[in-house]
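Colleague: Quick one: the structure is below, and I'll ask about it shortly.
The values are calculated or read from the model by the stated rules, or taken from the named source; none is laboratory data. The shown structure was predicted, so the numbers you read here are calculated from the model rather than taken from an experiment. In this analysis, Cβ positions are derived from the backbone assuming ideal geometry, glycine residues included, and neighbour counts consider all displayed protein chains. The area values use the complete protein model at the heavy-atom level, side chains included, leaving out ligands, DNA and RNA. Shrake-Rupley method; radii C 1.70, N 1.55, O 1.52, S 1.80 Å.
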Amino acid sequence: MKKILIGIAALLIVGAIALYLLVGNLDKILKGAIEGAGSELLGVPVTVESVELDLKSGMGQISGITIANPVGYQAANAFRMDMIRLGLDLSSLRKQPIVIRELNIQSPMVDLEVNEQGGSNMQTLLDNIKQNSAKTDEKAAEEQPSQEETGTKEPVKLSFTKLAITGVTVNGVVPGQEPTQVVLPDIVKENVGGTEGLTPAQVGGVIIGDIAAQSLQAVVEKKLSEKMEEAAQGLFNDLKKKLGQ
C-alpha cells in the first residue's frame, strides 16, 4: 500500500510539473505556432515580438507581428501589426473548434509596392496563400494528437464570435507616381468559422487575405481616380484585371 501511495504521489507531482511547464510556456507555444504557420502559408518570414495570455480571464494580446516582403520588393516588411487583442472561450480549449470570443487587430500598417510589370507584393502574398494552404494545414495536422475514435489527425480549428480589423493604413508605392496613403474602412465580421471552424490556412486567408486584397483594391481605385499618364493608367488597369481574377 505504501508503495502504491508513493507511486500515486509521484504521478501527481509529475502531472503538476507538466501542467506548470505547459501553462508557463503557453505564450511561447502560441508565438511559435503563429510564426511557423504564418511563414509556411505566406512564403515569407513571419515574426512575433511577444504573446501574453491570462488563462484565468481568457484575455490576451499579441504584439509586434511583422510579415516580411516577398523577394524583389524594396521595403523590409509588407505588414506590421503592433497590437492584436483577443478573448478566448476557455471552455472550448479542449474542443474543436476553439472559440475566440473576440479578435481585434488594431491599426495595422501595410506597405504596398507595385512593380513596373504590374505585379505587387500584396498579389504575391495572395498567390502564396492559395498555393500553400493545403501544405500549411497538413503540417498543422501533423502537430496535433490523433482523434481517439478515428485515429486520424486534423489541424486545430478556430471559430471567431467577432473579428475586427480596425484602422488599416496602406502606404502605396507605384512606379512613376507619388507615394500615396489610404486608410481602409474597418473590417468587422461576426460568427467567422461557425460551428465547424477554420483551419490555420483558412484563418490566414480571412485575415491577411482580406487586408491584402482590400489594400490593393483601395490603392488601385485611388490612383485610377487621379490624373495619370497613359502608361500609368494602363498599368493600373492591368493590375485591376489581375485582382479581379
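Colleague: Among the residues of the stretch 65-74, count how many are outside any strand (DSSP E or B), surrounded by 19 or more Cβ atoms within 10 Å (Cβ to Cβ) and of a type in the set (A, V, I, L, M).
Modeller: Residues that pass the stated criteria total 0.
Colleague: Output the qualifying pairs, or none if there are none: Cβ atoms under 9 angstrom, residues six or more apart or on different chains, first residue in the stretch 65-90 and free of Cβ contacts under 8 Å to residues at least 12 places away in the same chain, second residue open to solvent by less than 60 Å² (accessible area, probe 1.4 Å) and small (Gly, Ala, Ser).
Modeller: 76/68
Colleague: Right, something else. List the residue pairs whose Cβ atoms are under 6 Å apart, where the first residue sits in the stretch 174-195 and is in contact (Cβ under 8 Å) with a residue 60 or more places away in the chain, the second is of a type in the set (Phe, Trp, Tyr), and the two are 6 or more positions apart or on different chains.
Modeller: These pairs meet every condition: 193/160.
The rows are residues; the columns are (1) crowded, with 17+ Cβ neighbours inside 10 Å; (2) under 19 Å from residue 184 (Cβ atoms); (3) not aliphatic (A, V, I, L, M).
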| residue | (1), (2), (3) |
| --- | --- |
| 52 | no, no, yes |
| 63 | no, no, yes |
| 76 | no, no, no |
| 82 | no, yes, yes |
| 93 | no, no, no |
| 96 | no, no, yes |
| 102 | no, no, yes |
| 114 | yes, yes, no |
| 135 | no, no, yes |
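Colleague: Let me spell it out: the conditions are (1) modelled with pLDDT of 90 or more; (2) under 23 Å from residue 43 (Cα atoms), and residue 161 meets all of them except one. Which number is the exception?
Modeller: Exception for residue 161: condition (2).
Colleague: Now a separate question. Looking only at strands (runs of 3 or more DSSP E) that lie completely in the stretch 154-212, which have at least 3 residues being open to solvent by 20 Å² or more (accessible area, probe 1.4 Å) and out of contact with any Lys or Arg (no Cβ under 8 Å at 6 or more places or on another chain)?
Modeller: 169-173
Colleague: Here's something else I'd like to know. Just to be sure before I move on: is residue 124 closer than 18 Å to residue 38 by Cα and at pLDDT below 95 in the structure I sent? Let's see the steps before the verdict.
Modeller: Working: closer than 18 Å to residue 38 by Cα: yes; at pLDDT below 95: yes.
Criteria met by residue 124.
Colleague: Go through (1) closer than 28 Å to residue 97 by Cα; (2) among the basic types (Lys, Arg); (3) at pLDDT below 90 one by one and return the number of the condition residue 241 breaks.
Modeller: (1)
Colleague: Moving on to the next point. If you go through the stretch 84-96 one residue at a time, do you hit one that is at pLDDT 90 or above and touching a Ser or Thr at 6+ places or on another chain (Cβ under 7 Å)?
Modeller: No: the stretch 84-96 contains no residue that is at pLDDT 90 or above and touching a Ser or Thr at 6+ places or on another chain (Cβ under 7 Å).
Colleague: Considering only the stretch 29-62, state which residues are under 13 Å from the mean Cα position of the chain (by Cα) and in a strand (DSSP E or B).
Modeller: 46, 47, 48, 62
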